[in-house]
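Peer 1: Let me begin by handing over the structure; questions about it come next.
Taken together, the values in this text are just the output of simple stated rules run on the coordinates, not laboratory data. A quick note: this is a predicted structure, and the numbers were derived from the prediction, not measured. Don't worry about glycine lacking a Cβ; one is built from the backbone with ideal geometry, like all the others, and counts go over all protein chains shown.
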Amino acid sequence: MFKYHSLALKNAKPQILKTILFSIVSFIVVFAVFAVARTFFMQYFMQMQLAAQLQQSSGPYLIIMILALLLGLLFFIFAGYQLLAGAINVIAKAISREDVHFNDLFVAFKKGKYGKSLILSLISIGLFIVMYLIIMALNYLFNLALTPLFTSLQSAVSSPDNAIAILLTIQIIILIIIGLITSIVSWFFFILMINYTVSLVRESNYSAMSHFKDGFRGIRNGHKTWFKFFIAVLLINLIIIIITQPLGTILSVTTGNMSQKVATVILYVAQVIIVVLRLILYFVLMMGAVQYFLKRGEKLNKTTNEKKKKHKNKDKSVTNKNETLSNQQKIDNTHQPSKNNVEGHSNNVTNNVKQKSENAKDEVSHNFNKDK
């Protein structure tokens, strides 16, 4: 289930530090700009609400809000998406065991890719809007269904001494369930965006719409591995949900009876640990998504089984060769005594013939001398 994530980490291990550092640089720049734009937007939104309550003019605040929103969108279209594509390019190169360089972050700004990246950034904004609307609709339905249920539960458990603990437990469970359901929608869109972004940075001959379609082909790849992979993504995201919402709530409750200084220190340390863990898990999720797209959903078990079969066939051929050589050696050892016997017999015959010829010569010479 987690094979694509583990394979991605294994392939990127020699360059994992460079990959993390370069990716963080890109993400920090993008999210810093969005954080500033969001801060201005929320600040003037609150001032606009306050002005409306005091029956004052809210026009200037509305103009500043629109400007902040437009600047954020323009940054994402012309530079933000390209920087995110560069971070994904670094991850893809590390997973493919190619050398990673800092200028790989700017691959989407190159000629031939920048125009296509502008179109894909607009598509990404559209997908974000659709995703946001779906999640808002789901949250609205959850509120309609769960508010009466939570009210009835609150009245039912109001009498026991541990009513607060029971209500807190129910609230945590509900938050986890809602977060898990909404993550199905969000991660489907995120993986689709990652897919066509990987296609953009890895393929040069496609058009922008071909890259977008390639993102869908990365999901519907015909290997029937998407469901297991997506379940793995949701399980890792479930860990993020647990350490973000319920854990923060539990820490706030448990530190309520402590001194303010100690509670503040504990909460700050816990928040830092939670942020680091979330970043690590999000990075693992992104690497797994990139690896899945690069493999096109190919079954990893199949390749390992084929390798095992090849090794078995090699072992069988080696053992057969060894058996043949040993049998040949046995045959040679069996025929060696008979060969020696034949050679000894031929030597004896040769010696007898030589001896007889010498005796005949001696007899002839003796008779010749006798006749004289």
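Peer 1: Quick check on packing: order 75-81, 248-254 by the mean number of other C-beta atoms within 10 Å, highest mean leading. Walk me through the intermediate numbers first.
Peer 2: Numbers: 75-81: 19.1, 248-254: 13.4.
For the peptides 75-81, 248-254, the packing ranking is 75-81, 248-254.
Peer 1: Using the eigenvalues of the Cα gyration tensor, what equivalent ellipsoid semi-axes result for segment 131-268 when each is taken as the square root of five times the eigenvalue, whole Å, largest first?
Peer 2: Values: eigenvalues 335, 78, 31 Å².
Equivalent ellipsoid of segment 131-268: 41, 20, 12 Å, largest first.
Peer 1: With 24 Å as the limit, write out which pairs from Lys116/Lys213; Lys10/Lys113; Lys111/Lys213; Lys18/Lys116; Lys10/Lys213; Lys110/Lys299 have Cα-Cα distances beyond it, or answer none. Write out the running numbers ahead of the final one.
Peer 2: On the way: Lys116/Lys213 13 Å; Lys10/Lys113 29 Å; Lys111/Lys213 22 Å; Lys18/Lys116 27 Å; Lys10/Lys213 29 Å; Lys110/Lys299 34 Å.
Violating the 24 Å Cα-Cα cut-off are Lys10/Lys113; Lys18/Lys116; Lys10/Lys213; Lys110/Lys299.
Peer 1: When Lys and Arg each count +1 and Asp and Glu each count -1, what net charge do the other residues less than 14 Å away from Phe230, Cβ to Cβ, add up to? Walk me through the numbers before you get to the answer.
Peer 2: Details: positive: Lys3, Arg220, Lys224, Lys228; negative: none.
The answer is +4.
Peer 1: Leu149 label point, 7 Å along Cα→Cβ, cut-off 19 Å on backbone N: hits in segment 245-283?
Peer 2: 246
Peer 1: Kindly state, as a whole number, the per residue volume in cubic angstrom of the convex hull around the alpha carbon atoms of segment 2-295. Walk me through the numbers on the way to the answer.
Peer 2: Numbers: hull volume 54.1 nm³, N = 294.
For segment 2-295, the hull spanned by Cα atoms encloses 184 Å³ per residue.
Peer 1: Could I ask something else about it? Place a +1 charge on the Cβ of each Lys and Arg in segment 2-295 and a -1 charge on the Cβ of each Asp and Glu, then give the dipole magnitude about the Cα centre in debye, rounded to the nearest 20. Walk me through the numbers before you get to the answer.
Peer 2: Working: 20 positive and 6 negative charges, 212 e Å.
Using Cβ point charges on Lys, Arg, Asp and Glu, segment 2-295 gives about 1020 debye.
Peer 1: Moving on. Using label points projected 7 Å from each Cα along Cα→Cβ, tell me how many nm separate Ile135 and Arg296, to one decimal.
Peer 2: Placing both labels 7 Å along Cα→Cβ, they lie 3.2 nm apart.
Peer 1: At Ile63 and Leu127, where each label point lies 7 Å from the Cα along Cα→Cβ, what is the point-to-point distance in nanometres?
Peer 2: For Ile63 paired with Leu127, the spin-label model returns 3.7 nm.
Peer 1: At a Förster distance of 22 Å, what's the computed FRET efficiency of Val275 paired with Ile176, Cβ-Cβ distance as r, to 0.05? Each step should come with its number before you reach the end.
Peer 2: Working: r = 19 Å, r/R0 = 0.89.
It comes to 0.65.
Peer 1: At what distance in nm do the modelled label points of Ile231 and Met42 sit from each other, each positioned 7 Å from its Cα along Cα→Cβ?
Peer 2: That separation, rounded to one decimal, is 3.7 nm.
Peer 1: In whole Å, what are the Cα extents of segment 98-158 along the three principal axes, biggest one first?
Peer 2: 65, 26, 13
Peer 1: In what sequence, highest mean first, do 266-274, 98-106, 118-126, 186-194 appear when ranked by Cβ atoms within 10 angstrom? All intermediate terms of the calculation are to be shown ahead of the outcome.
Peer 2: Numbers: 266-274: 13.0, 98-106: 15.1, 118-126: 17.9, 186-194: 19.7.
Result, highest mean Cβ count within 10 Å first: 186-194, 118-126, 98-106, 266-274.
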